[in-house]
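Asker: I have a structure I would like to understand better, so I am pasting it below and will then ask my questions one at a time.
The values are calculated or read from the model by the stated rules, or taken from the named source; none is laboratory data. These numbers come from a predicted model, not from an experiment. Positions of Cβ are generated from backbone atoms using ideal geometry, with glycine treated the same way; all protein chains shown enter the neighbour counts. We work out accessible area using only protein heavy atoms, side chains counted, and drop any ligands, DNA or RNA first. Shrake-Rupley method; radii C 1.70, N 1.55, O 1.52, S 1.80 Å.
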Amino acid sequence: MSKVLEIKNLSVSFHTYAGEVKAVRDVSFELDRKETLAIVGESGCGKTVTAKAILRLLKTPPAEIKKESQILFDGEEVTKMDKKRLLSYRGQDVSMIFQDPMTSLNPTMTVGAQIMEALEIHKKMKKKEAEAEAIRLLKLVNMPNAKERIKQYPHELSGGMRQRVMIAIALSCNPKVLLADEPTTALDVTIQAQIIDLLSELKEEFDTSIILVTHDLGVVANFADRIQVMYAGKIVETGLKEEIFYKPHHPYTWALLNSIPSLDKESKEELYSLGGTPPDLILPLVGCPFASRCDYAMEICREQAPETTILSDNHKVACWLQHPEAPRVERPILSGGANRG
Amino acid sequence: MKKYIIKRIAYMLLTLWIVITLTFFLMHSIPGDPLAYMAKTLPEQTRINFYEKYGLDKPVYVQYGIFMKNLITKGDLGESIRYPGRTVTDTISKHATVSGRLGLQAIAVGITIGIVLGVIAALNRNRWPDYLVMFIAILGVTVPLFIIAALLQYTLSVKFKLLPTTGWGKFKHTIIPTIAMCFGSIATYARYMRSNVLEVINQDYILTAQAKGVSPFNVVRKHVLRNAILPAITILGPQIAGIFTGSFVIERIFSIPGLGSYYISSISDRDYTMIIGTTVFYAALFIVSQLVVDLLYGVVDPRIRVSGDN
């Protein structure tokens with residue numbers, strides 16, 4: 001499989017009045033053709049910033065993509081694209097779905113016009129042609145009464161339907177990569193499942209690679225091929241879905257897995273939650289960023305950042321527990337999270 | 001929709017009636033009357049005849065009844081008491097077109113320039129175009145109309161002799177008054193649009209548009225503008241009112257034969273029929289413009305399109 005997207009040493013900072021916030025720190029990863037990669041982590045760990053950086057959607061300033069960063073789309077350097085190329089790249093080569101479908105559609109434009117807009121720009125379609133294509137796309141995302149829907153405004157649709165429209169917009173020009181930034185977070189649970197099912201169906205149909213950004217490991221369980229866990233702007237563990245679910249090595253991954261609610265749990269049992277908050281990204285980070293919240297933190301964790309340990313072809317983890325001299329620790333299983341996958 | 005408009009028109013008539021009634025009794029309560037200026041010099045009997053002719057000898061409520069009856073049944077606003085022979089309706093229709101042309105021109109120019117400047121300021125936030133526009137805007141709201149008018153007269157017609165100072169008739173006569181009148185609108189709209197655009201630009205749907213590959217110009221044209229204009233429509237009503245009051249001053253400065261000067265002189269003359277007539281006209285115009293503004297809302301924002309049921 002060839003790589004459609006390669007991210008090398010991506011660092012993104014925000015220049016604020018309080019100082020420089022290093023939101024993404026030296027992140028490298030790849031995305032294969034037709035692969036689904038999930039980026040998982042809690043709020044403020046740099047997932048969304050990474051996704052936006054890929055489309056160069058971050059406002060500069062205050063954001064700054066550091067010089068050494070490389071974002072290669074099919075071998076082409078995204079950070080060096082000129083304005084014209086960037087416009088054709090956005091929406092056509094790589095497109096994006098956002099978190100909140102309630103606010104991510106223009107309230108004063110019909111949904112049809114919003115879908116047609118991308119088609120008119122990238123595929124140079126005439127209005128009639130674009131309209132027919134918009135109806136076809138709406139049918140593809142399982143929108144009932146597609147013909148009437150294109151004349152409606154976003155406020156006339158429910159949240160789930162709006163997200164379907166967003167997906168139709170994102171896939172309209174057959175992009176090679178789809179960035180889905182928490183596409184299900186703002187929806188209720190039954191709709192979440194429908195949207196995820198729809199995405200995996202369409203992925204086959206359109207031969208698209210997907211980067212799914214989420215804080216919910218439950219969402220990615222059936223969908224992702226590979227999972228990448230981020231914490232404080234760094235990748236702490238990455239591996240195939242099975243590896244992350246059955247053989248996780250980083251204490252943060254453990255914590256995430258343990259916080260998935262499970263059906264086989266006693267109903268009265270309290271759900272596990274990880275104490276503390278992520279570190280302030282304005283301050284310089286010494287050692288492992290997770291050390292202050294980690295039950296297994298050792299002295300070295302607070303002093304030096306851990307090296308990346310390669311566990312298999314795909315599985316990598318950055319944790320001092322992997323060091324030969326570290327004590328052997330087994331993953332504590334608090335819930336039925338391990339039975340998923 | 002039909003139901004809504006009918007309901008609105010009913011309310012408008014009610015408002016109009018209140019305005020007429022209040023004005024009628026207020027003007028009768030001011031000391032003096034339209035004939036006072038000549039009453040002293042006339043013989044007793046002539047004076048009484050005059051008062052009888054205009055019905056001024058009757059109690060106020062009877063006069064009110066006669067006026068309302070004529071207005072409703074014949075649409076007749078009467079004849080000027082001070083200048084016999086001029087009917088109020090004729091005076092209004094003749095001079096209101098002059099004021100109307102000037103007012104419309106000023107509003108159109110003011111809104112267009114104001115919106116453009118506001119957008120430019122917002123897109124260049126905290127850079128020199130922004131500071132320049134905001135400087136103009138502050139001047140526009142703080143410097144009184146008549147000073148701007150005098151300055152324009154001095155520079156454009158006295159110094160550079162490009163345009164006539166005063167008068168009416170040709171397009172060139174309208175240029176300086178229009179600029180002077182629209183200055184305030186430009187300022188208000190520029191400030192409004194700036195803050196609206198800044199708000200809209202940070203909305204998620206703008207990000208969606210950018211992610212689609214829409215060019216920056218089209219993002220502004222298709223996505224920002226329409227959403228940012230909406231709150232600016234609210235101030236269209238007061239702006240129209242402002243243009244009317246401004247026109248009284250402007251018409252005097254530039255010797256323009258508009259309705260404004262008639263309105264003002266009718267008050268000092270206690271020309272009862274003229275006062276009521278022009279007041280009804282201005283009130284009706286203002287109320288109608290409010291309705292138009294409300295209907296415009298629905299055109300721009302589909303979310304508040306009125307449905308017939310409520």
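Asker: List the relative contact order of chain A as a percent without decimals, with contacts defined as Cα pairs under 8 Å and 6+ residues apart. Don't skip to the answer; put the middle values down first.
Answerer: Details: 631 pairs, mean separation 66.8, N = 341.
This gives 20 percent for chain A.
Asker: Could you tell me the calculated FRET efficiency between residue A:296 and residue A:197, based on Cβ-Cβ distance and R0 = 25 angstrom, to the nearest 0.05?
Answerer: On the way: r = 37 Å, r/R0 = 1.49.
Using R0 = 25 Å, I get an efficiency of 0.10.
Asker: Using a 10 Å cut-off around each Cβ of peptide A:107-120, what is the average number of partner chain Cβ atoms that fall inside?
Answerer: Details: counts 8, 12, 7, 1, 0, 0, 1, 6, 1, 0, 8, 6, 1, 1.
So the per-residue partner count for this stretch is 4.
Asker: From the convex hull of the Cα coordinates of the range B:98-266, what is the mean projected area in square nanometres?
Answerer: Values: hull surface 43.6 nm².
Convex hull of Cα atoms, orientation-averaged projection: 10.9 nm².
Asker: List the residues of the range B:177-220 whose accessible area drops by at least 40 Å² when all protein chains are present, compared with their chain alone, using a 1.4 Å probe and counting only protein heavy atoms.
Answerer: B:204, B:205, B:207, B:208, B:210, B:211, B:212, B:213
Asker: By how many nm would the segment from residue B:252 to residue B:40 lengthen if fully extended, with 0.36 nm per residue of separation less the alpha-carbon distance? Working shown, then result.
Answerer: Working: separation 212, 0.36 × 212 = 76.32 nm, distance 3.08 nm.
Going from the current span to full extension adds 73.2 nm.
Asker: Using Stokes-Einstein with the Kirkwood hydrodynamic radius over Cα pairs, what translational diffusion coefficient do you get for the range A:125-278 at 37 °C and a viscosity of 0.692 mPa s, in µm²/s rounded to a whole number?
Answerer: On the way: Rh = 17.7 Å.
The Stokes-Einstein estimate is 186 µm²/s.
Asker: Moving on to the next point. Quick one: helix B:171-201 against the long Cα principal axis of chain B, what's the angle to the nearest 10°, folded into 0 to 90?
Answerer: 50
Asker: Quote the Stokes-Einstein diffusion coefficient, in whole µm² s⁻¹, for the protein assembly as shown, based on the Kirkwood radius over alpha carbon pairs, a temperature of 37 °C and a viscosity of 0.692 mPa s.
Answerer: Working: Rh = 30.3 Å.
Result for D is 108 µm²/s.
Asker: If I fit a long axis through the Cα atoms of helix B:259-268 and take the longest principal axis of the Cα atoms of chain B, what angle between them do I get, 0 to 90°, rounded to 10?
Answerer: So the helix axis and the longest Cα principal axis differ by about 40 degrees.
Asker: Average partner chain C-beta neighbours within 10 Å, per residue of A:96-105?
Answerer: Numbers: counts 5, 2, 5, 1, 1, 2, 1, 5, 8, 4.
Mean shielding by partner chains, rounded to a whole number: 3.
Asker: From the P(r) of the range A:3-224, could you give the percentage of C-alpha pairs in the tail past 28 Å?
Answerer: Details: 7108 of 24531 pairs.
Result for the distance tail: 29 percent.
Asker: Now for a different question. Per DSSP helix of 4 or more residues, -39500 (n - 2.57); summed, then divided by the residues of chain A. What does that give at 222 nm, rounded to the nearest 500? List each step's numbers first, then the result.
Answerer: Values: 11 runs with 99 residues, N = 341.
Mean residue ellipticity, 222 nm, calculated: -8000 deg cm²/dmol.
Asker: With a 1.4 Å probe and all protein chains left in place, how much of the accessible area of chain A comes from carbon and sulfur atoms, in whole percent? The partial results should precede the final answer.
Answerer: Details: 7930 of 15690 Å².
That share works out to 51 percent.
Asker: Quote the relative contact order of the range A:234-339 in percent (integer), defining contacts as alpha-carbon pairs under 8 Å separated by 6+ residues.
Answerer: Contact order relative to length: 37 percent.
Asker: Separate question: Taking the mean number of other Cβ atoms within 10 Å as a proxy for protection, how do you rank A:238-246, B:288-296 from highest to lowest?
Answerer: Working: A:238-246: 21.1, B:288-296: 15.6.
So the order, starting with the most tightly packed, is A:238-246, B:288-296.
Asker: Where does the range A:234-339 land on Rg/Rh, using Cα atoms and the Kirkwood Rh? Don't skip to the end; give the middle numbers.
Answerer: Values: Rg = 14.6 Å, Rh = 14.9 Å.
Using only Cα positions, Rg/Rh for the range A:234-339 is 0.98.
Asker: Counting only protein heavy atoms and rolling a 1.4 Å probe, how much accessible area do B and A lose on contact, total for both sides, in Å² to 100? Could you put the intermediate results ahead of the total?
Answerer: Values: alone 17240 and 16710 Å², together 31850 Å².
So the total buried area for this chain pair works out to about 2100 Å².
Asker: Here is a further query. Give me the base-10 log of I(q)/I(0) for the range B:5-96 at each q in 0.13, 0.16 Å⁻¹, Debye formula, one uniform scatterer per Cα, rounded to two decimals.
Answerer: -0.56, -0.82
Asker: Separate question: Specify the angular offset, from 0 to 90 degrees and rounded to the nearest 10, of the alpha carbon long axis of helix B:225-234 from the longest principal axis of the alpha carbons in chain B.
Answerer: 20
Asker: Among B:154, A:296, what's the order by accessible area (1.4 angstrom probe), most exposed first?
Answerer: Details: B:154 115, A:296 60 Å².
Largest to smallest exposure gives the sequence B:154, A:296.
Asker: Ok, one more. For the range B:176-293, list log₁₀ I(q)/I(0) at each q in 0.13, 0.17, 0.19 Å⁻¹, using the Debye formula over Cα point scatterers of equal strength and ignoring solvent, two decimals each.
Answerer: The computed values of log10 I(q)/I(0) come out as -0.67, -0.90, -1.02.
Asker: Taking only protein heavy atoms into account and a 1.4 Å probe, give the accessible area per residue of the protein assembly as shown in Å². Don't skip to the end; give the middle numbers.
Answerer: Details: 31850 Å² over 651 residues.
On a per-residue basis, the protein assembly as shown sits at 49 Å².
Asker: Using only the Cα atoms of the range A:161-242, what are the Rg and Dmax in Å?
Answerer: Calculated on Cα positions, Rg and Dmax stand at 12.9, 35 Å.
Asker: Can you tell me the length gained on complete extension of the stretch residue B:264 to residue B:104, counting 0.36 nm per residue apart and subtracting the Cα distance? Mind showing how you got there, number by number?
Answerer: On the way: separation 160, 0.36 × 160 = 57.60 nm, distance 2.09 nm.
Stretched fully, the residue B:264-residue B:104 segment lengthens by 55.5 nm.
Asker: With a cut-off of 8 Å between alpha carbons and a minimum separation of six or more residues, what is the relative contact order of the range B:114-219 in percent?
Answerer: Values: 97 pairs, mean separation 41.9, N = 106.
Taking the mean separation of contacting Cα pairs over the length of the range B:114-219, I get 39 percent.
Asker: Using only alpha carbons, build the gyration tensor for chain B and give me the equivalent ellipsoid semi-axes, biggest first, whole Å.
Answerer: Details: eigenvalues 406, 143, 36 Å².
Over the Cα atoms of chain B, the semi-axes work out to 45, 27, 13 Å.
Asker: While we're on this one: Enumerate the whole-percent occupancy of each 5 Å bin, from 0 to the last occupied one, for all C-alpha pair distances of the range A:55-129.
Answerer: Per 5 Å bin, starting at zero, the Cα-Cα P(r) for the range A:55-129 comes out as 3, 12, 18, 20, 19, 14, 9, 3, 1, 0 percent.
Asker: Between residue B:124 and residue B:89, 0.36 nm times their residue separation minus their Cα-Cα distance comes to what? All intermediate terms of the calculation are to be shown ahead of the outcome.
Answerer: On the way: separation 35, 0.36 × 35 = 12.60 nm, distance 5.04 nm.
Residue separation times 0.36 nm, minus the Cα-Cα distance, leaves 7.6 nm.
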